Structure formats: structure tokens, C-alpha cells
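Mind looking over this structure? Questions follow.
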Amino acid sequence: MMKPASGLYIHIPFCHSKCAYCDFYSVPQHGMAAGFVDALCNELDTRLASWHCEISTVYIGGGTPSVLTDEMLSRIIGRLPRHEFEEFTIEVNPEDVTPARGRAWREMGIDRVSMGVQSLDDNILRAIGRRHSAGEAIEAFSMLRESGFTNISLDLIYGLPGLSVEGWRETLRRILDLQPEHLSAYSLSYEQGTRLNAMRLAGKIAETPAEEVERMYEILTKAAREAGYNHYEISNFSLPGHEAVHNSRYWDMTPYLGIGPGAHGWDGATRFYNIPSIKEYIAGDGLGSLRIEEENESERFNDMVFTALRTSAGLDLAKVSAAFGAERSDEILRTARRRHLSAGNVILTPGRLIIPESRWLISNDIISDFMEV
């Protein structure tokens with residue numbers, strides 16, 4: 001009997017330095033890389049041995065996975081069950097890309113690169129703590145192409161302090177001129193514990209006005225559409241056939257295995273995670289920090305609603321009925337008709353509830369009406 005497909009996420013928690021906006025778990029190496037790789041390989045061996053699904057996609061994220069040496073990455077990849085996957089992604093930063101490293105990643109079986117660019121304004125890049133310039137980001141993209149990568153995703157952030165509407169338009173123009181297969185563009189959020197949020201609270205920087213952020217979103221969606229990109233999730237755009245397979249698994253409730261400190265996973269019934277502590281992770285040889293997240297039926301229902309309504313495909317009401325009963329899908333329809341349909345906040349198609357692109361920027365407010373408290 002064939003096992004169901006699933007994704008594998010591997011978290012590499014190291015960064016050269018912490019960006020001002022970032023709240024993901026990451027730490028400096030400080031000589032811990034070798035011990036971390038030992039622990040990670042042990043966790044991989046142990047978790048994969050009991051994992052009930054077939055691994056069809058792999059995503060090595062962070063942190064900054066490209067901080068590790070190619071020898072370390074090769075050792076980690078050597079523990080995977082096979083080397084031909086539907087999609088195999090690694091996150092990198094421009095300053096770590098060289099032609100030799102690009103070729104090495106290709107030889108390891110990696111076929112997709114997600115590179116953090118964030119902006120092509122050097123002043124903005126310095127202000128948020130990025131270690132690369134606009135020119136170096138473009139050069140890194142060229143080196144990835146020369147290394148044979150035909151599936152590259154670039155990350156951008158809009159709404160950054162000091163970023164003007166015209167500055168955003170210019171960054172987008174230059175990025176789209178490169179024709180990456182995929183683009184992820186996120187509206188800045190000020191997360192607790194980040195340097196950027198501390199600066200905001202201290203009055204050293206000001207938030208971009210909401211109307212300017214909305215204008216940047218409109219420019220983004222229009223420019224991406226005119227360049228031939230499909231806006232298939234709130235923050236994600238792709239050329240036809242290049243949607244992120246692994247990330248889409250998070251949104252359609254496909255199981256995924258999370259490995260590494262701070263990594264989360266879901267087996268189809270239970271969510272679990274490793275606590276974000278590199279020291280505890282190494283001390284336990286990769287196995288001492290796993291925690292189970294107990295979820296009740298309402299929480300599982302909310303997970304399905306929240307992830308699906310972030311996508312252009314929307315929420316499959318038959319899937320809701322099958323998992324949680326027809327009463328819940330009927331209540332979703334009643335809520336849609338009572339609160340959102342006439343306002344244009346949602347669209348009803350046969351069997352699906354969809355939030356249109358024009359409302360995605362306020363989607364959290366809309367989605368919350370369909371979730372159970």
C-alpha cells in the first residue's frame with residue numbers, strides 16, 4: 001500500500017547576524033555548527049524511521065542554511081530517504097552565493113532556491129540589518145542561474161520604514177525584470193522582541209501609513225499580474241507551473257515533518273514542535289526537545305479555515321463537511337451570506353468559499369468571522 005505524500009522541513013537556526021525585522025528562531029554559530037549537525041542527523045534518522053508518510057518535498061530553511069559549509073549540508077542531505085523529490089528547496093542569502101556553491105547545491109539534488117532579497121534599496125537594506133547590497137543580490141541571482149537553477153524564488157518586504165511607494169515600485173520593476181519563477185512578498189509586521197519593533201516603540205522610526213501599504217500591495221498585484229505571475233496565496237506569486245509545492249502542503253493540510261530546533265510539524269492528527277533552544281537540542285542529541293501541541297476539534301477546524309482562505313483556491317466546503325460535519329459547512333455559508341457576500345469580501349463558487357485578491361490585505365479580519373472561538 002502506497003504511503004501518503006508529506007513534506008520534510010529542516011530548520012537550520014544559524015545566521016551571520018539578526019535582521020531587524022526577524023522573529024524566527026536563529027542564533028550565531030559560536031562554534032556550535034558541528035554539534036548541531038550531529039544532533040540534527042540523529043533526529044532525522046530517528047524521526048524518519050517512524051514517520052508514516054512518504055517524503056515527497058524537502059525544504060531546508062532557517063535561519064540561514066547557506067551559513068553551513070557544503071560538507072555539512074551534504075552530510076544532512078545524505079540522511080534523507082532518497083534524493084529525487086518532487087521539490088527540494090534551500091533558503092540562502094545573497095552574500096553566501098558563489099558559482100561553486102551553486103553547483104555544489106545542484107549536485108546535492110537541490111533543485112529550488114529561495115533567496116532573501118527584501119529590497120533593492122541599499123539604504124533600506126542597511127537600515128534593516130541586511131548584509132548584502134542591491135547589486136550583490138542581483139549578482140547572486142545571476143550566479144544561481146549560471147549554476148543551473150531554473151526554479152528560483154525571491155523574497156521581498158513592503159511597508160518597511162523609509163520605503164516610499166515609488167521606491168517599492170522601482171524594487172519590483174528590477175526584481176520582475178529578472179523573471180524569477182517565484183516571488184514571495186510580505187507586508188512588514190512589527191513582531192514583539194525584534195529590533196525594529198523596539199525602535200518603533202522608542203519613537204526612532206515610524207510605521208508606514210496604512211494607505212501607503214495598501215497602495216504598495218495594489219502596485220505589487222498589478223505588476224505581478226502584468227508580468228505573468230499567478231497570485232495563488234496572500235504573499236506568494238508564481239509563473240505558471242512554479243507554485244511552491246512544499247509550502248502549498250502547509251495550506252492544504254498535508255502532513256509534514258519538522259526537524260531541528262524551533263521546527264514544527266503535523267502528522268495529520270497532531271501538531272508537534274521542537275522547543276527553540278540550540279543548547280538543549282544539542283544536549284539531547286536532537287531528541288530531547290520535542291513537544292506535543294494538543295488540539296481540540298475547534299482548533300483543527302480553525303486551522304483548515306485559516307490556511308485555506310489565504311489561498312486563491314479558497315476553502316473546499318466538501319472537505320469541511322467530511323472532516324467536521326455538514327453543520328459546520330452550512331454555518332460557513334450562513335456567515336458568508338449574512339456578513340460578507342454583499343460587501344464583496346468573499347466569493348461563493350460551486351463548493352468553495354474564496355476571498356478575492358482585492359480583500360487579501362484585510363483577510364485576517366474576514367477569516368476571523370468564520371473561525372470558532
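The values are calculated or read from the model by the stated rules, or taken from the named source; none is laboratory data. The model shown is predicted, which means the values in this text are computed figures rather than measured ones. Don't worry about glycine lacking a Cβ; one is built from the backbone with ideal geometry, like all the others, and counts go over all protein chains shown. To get the accessible areas, we keep the full protein, side chains included, count just its heavy atoms, and leave off ligands, DNA and RNA. Shrake-Rupley method; radii C 1.70, N 1.55, O 1.52, S 1.80 Å.
Being outside any helix (DSSP H, G or I), open to solvent by 40 Å² or more (accessible area, probe 1.4 Å) and farther than 24 Å from L172 by Cα is the filter here; which residues of segment 224-267 pass it?
Within segment 224-267, D252, H264, D267 qualify.
Listed here are the residues, each with its yes/no results for (1) polar (S, T, N, Q); (2) over 30 Å from L188 (Cβ atoms); (3) modelled with pLDDT under 95.
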site	(1), (2), (3)
N296	yes, yes, yes
A318	no, yes, no
A326	no, yes, no
R338	no, yes, yes
I347	no, no, no
I367	no, no, no
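Cβ-Cβ under 8 Å, sequence separation 6+ or interchain: first residue in segment 281-293 and free of Cβ contacts under 8 Å to residues at least 40 places away in the same chain, partner open to solvent by less than 60 Å² (accessible area, probe 1.4 Å) and assigned to a loop (DSSP other than H, G, I, E, B). Which pairs?
Listed by first residue and then by second, the contacts come to S289/P261; S289/I275; S289/S277; R291/I275; I292/T270; E293/T270.
Could you check segment 271-351 for strands (runs of 3 or more DSSP E) lying wholly inside it with 1 or more residues that are within 23 Å of W51 (Cα to Cα)?
Result: 271-274, 290-293.
Here is a further query. Taking the condition of being in a helix (DSSP H, G or I) and either crowded, with 22+ Cβ neighbours inside 10 Å or not aliphatic (A, V, I, L, M) (or both), how many residues in segment 13-64 meet it?
Within segment 13-64, residues that are in a helix (DSSP H, G or I) and either crowded, with 22+ Cβ neighbours inside 10 Å or not aliphatic (A, V, I, L, M) (or both) number 13.
Another question, if that's okay. What about R82, is it charged (D, E, K, R) and in contact (Cβ under 8 Å) with a residue 60 or more places away in the chain?
no
Another question, then. Please enumerate the residues belonging to segment 68-125 that are buried (at least 23 other Cβ atoms within 10 Å of the Cβ) and touching a Cys at 6+ places or on another chain (Cβ under 9 Å).
Of everything in segment 68-125, those that are buried (at least 23 other Cβ atoms within 10 Å of the Cβ) and touching a Cys at 6+ places or on another chain (Cβ under 9 Å) turn out to be N93, Q118.
Next question. Given the conditions (1) surrounded by fewer than 19 Cβ atoms within 10 Å (Cβ to Cβ); (2) part of a helix (DSSP H, G or I); (3) out of contact with any strand residue (DSSP E or B) (no Cβ under 7 Å at 6 or more places or on another chain), and given that T221 satisfies all but one, which numbered condition is not satisfied?
(3)
Can you pull out every residue in segment 205-254 that is of a type in the set (D, E, K, R), in contact with a Pro (Cβ under 9 Å, 6 or more places away or on another chain) and more than 28 Å from F324 (Cβ to Cβ)?
E207
What single numbered condition from (1) surrounded by fewer than 15 Cβ atoms within 10 Å (Cβ to Cβ); (2) modelled with pLDDT of 95 or more; (3) closer than 23 Å to G7 by Cα fails to hold for E280?
The number of the failed condition is (3).
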